[in-house]
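Colleague: Encoded as structure tokens, here's the structure I'll be asking about.
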Amino acid sequence: MDLSFYKGKRVFVTGHTGFKGTWLCRMLVGAGAVVTGYSLDPPTDPNLFALAGLEGKMTDVRGDIRDLERLKKAYDAADPEIVLHLAAQPIVRDSYKDPRYTYETNVMGTVDLLECVRLAVAAGRGPKSVLNVTTDKVYHNNEWCWGYREEEPLDGYDPYSNSKSCSELVTHSYINSFFAAPGAPAVSTARAGNVIGGGDFANDRIIPDCVRAMQAGQAIGVRNPYSTRPYQHVLEPLAVYLTIAQKQYEDKKYAGFYNVGPDDCDCLTTGELVDLFCKTWGEGARWENRAEPGAPHEATFLKLDCSKIKATFGWRPRWHMDECMRMTCRFAKVWLAGGDVPAEMDAEITAFLGRDCPQNANCG
């Protein structure tokens, strides 16, 4: 894709201090966009946002997505043309610990953001393009072996997944109630699969757990080695988000609900993913099965059907798992060595956007 479309565009990003949000802002800033981010302080220490070299290159507003007054003030000051909503409580196991906070953030946070858009539209200065980023876990999961399509029922099991299903339904209601008229913004949702990549320091995620184990010189503990997930490099869905936002900005017919996931060959068990990490990392990396009896429910098998986004935009995954893991390990080693993280991020973005990758054209 060509990011030149974003040069000079005013873009409002919620959740900009998170893992995906930071990578997204690095892409947008590099493209010359005028970026305003609204988010809580980074949720981890260390955190990618502090490492990414974005200070002074974008407007960084710290605030809670549940604080409508503060959010609206930041939104109105930014006067965005494009809105990308990533703010969320994103961890399944954390949602069991604090379901109320998870629902407040993921459901009412979406309401608050869409209220800012609605009020701006009513005042005659609304954006042209809005994208709500949700998750592959929004679907009622039957644990079947084929991928879920966009028309499948929404009904996530755990508080995180269910709150994201609710976020989808909130978005659908605002589209029908407030954004259907001519001149209203184009609004879409994107349901992305699991992402890996450099700079993820979250708790209860397998690749950060792997890197922490390498840092400590320990074996990697894996609690669900037989769970299958659709893994992809973080740049894959970000490129799709930016494509959707651009295309619907140019033509509202592209607004819709889209799955964003890898090809079937990259739907791996967690054990297979960690095997690949250990092989790529080298240095005697190894893992142990540390299943937790009585642990909270997490889906065993989950896969997306991405036929719609492939047919609509001609999109294909660029990096399959060998390349994803190579980049992820390369980034981690740069960080552990005290290297230049912003330069590494830019090098990976350039490689991702600029490489034709004929060897990665499919899973064959």
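Colleague: Do the conditions hold for ALA213, that is, is it more than 20 Å from VAL11 (Cβ to Cβ) and outside any helix (DSSP H, G or I)?
Modeller: Against the criterion (more than 20 Å from VAL11 (Cβ to Cβ) and outside any helix (DSSP H, G or I)), ALA213 does not qualify.
Colleague: When you check SER95 against the structure, is it surrounded by fewer than 17 Cβ atoms within 10 Å (Cβ to Cβ), among the hydroxyl-bearing types (Ser, Thr, Tyr) and either modelled with pLDDT under 95 or part of a helix (DSSP H, G or I) (or both), yes or no?
Modeller: no
Colleague: Within segment 225-256, work out how many residues are in contact with a Lys or Arg (Cβ under 7 Å, 6 or more places away or on another chain) and hydrophobic (A, V, I, L, M, F, W, C).
Modeller: 2
Colleague: Of these, THR44, THR59, which one is closer than 23 Å to GLY198 by Cβ, out of contact with any Leu (no Cβ under 6 Å at 6 or more places or on another chain) and among the β-branched types (Val, Ile, Thr)?
Modeller: THR44
Colleague: Look at segment 61-92 and say how many of its residues are part of a helix (DSSP H, G or I) and among the charged types (D, E, K, R).
Modeller: 5
Colleague: I've got another one for you. Run LEU242 past the list (1) in contact with a strand residue (DSSP E or B) (Cβ under 9 Å, 6 or more places away or on another chain); (2) within 19 Å of CYS278 (Cα to Cα); (3) modelled with pLDDT of 95 or more and report the number of the one that doesn't hold.
Modeller: It is condition (2) that LEU242 fails.
Colleague: Let me ask something else about it. If I ask for residues that are crowded, with 19+ Cβ neighbours inside 10 Å and not small (Gly, Ala, Ser), which ones from segment 112-128 would you list?
Modeller: ASP112, LEU113, LEU114, CYS116, VAL117, PRO127
Colleague: Of all residues in segment 178-192, count the ones that are buried (at least 20 other Cβ atoms within 10 Å of the Cβ) and farther than 24 Å from CYS166 by Cα.
Modeller: So the count comes out to 0.
Colleague: Could you go through segment 208-217 and let me know if any residue there is within 22 Å of THR350 (Cβ to Cβ) and touching a strand residue (DSSP E or B) at 6+ places or on another chain (Cβ under 8 Å).
Modeller: Looking for residues that are within 22 Å of THR350 (Cβ to Cβ) and touching a strand residue (DSSP E or B) at 6+ places or on another chain (Cβ under 8 Å), one finds none in segment 208-217, hence no.
Colleague: I'd like the full set of residues that are among the charged types (D, E, K, R), at pLDDT 95 or above and under 22 Å from THR105 (Cα atoms), limited to segment 1-48.
Modeller: If the condition is that a residue be among the charged types (D, E, K, R), at pLDDT 95 or above and under 22 Å from THR105 (Cα atoms), then LYS20, ASP41 are the ones that fit.
Colleague: Any residue in segment 193-210 that is among the polar types (S, T, N, Q) and surrounded by fewer than 22 Cβ atoms within 10 Å (Cβ to Cβ)?
Modeller: Among the residues of segment 193-210, at least one is among the polar types (S, T, N, Q) and surrounded by fewer than 22 Cβ atoms within 10 Å (Cβ to Cβ), which makes the answer yes.
Colleague: Looking at segment 271-278, is at least one residue surrounded by fewer than 22 Cβ atoms within 10 Å (Cβ to Cβ), in contact with a Pro (Cβ under 8 Å, 6 or more places away or on another chain) and over 30 Å from VAL35 (Cβ atoms)?
Modeller: Yes, because at least one residue in segment 271-278 is surrounded by fewer than 22 Cβ atoms within 10 Å (Cβ to Cβ), in contact with a Pro (Cβ under 8 Å, 6 or more places away or on another chain) and over 30 Å from VAL35 (Cβ atoms).
The values are calculated or read from the model by the stated rules, or taken from the named source; none is laboratory data. All values reported here derive from a predicted model rather than from experimental measurement. Positions of Cβ are generated from backbone atoms using ideal geometry, with glycine treated the same way; all protein chains shown enter the neighbour counts.
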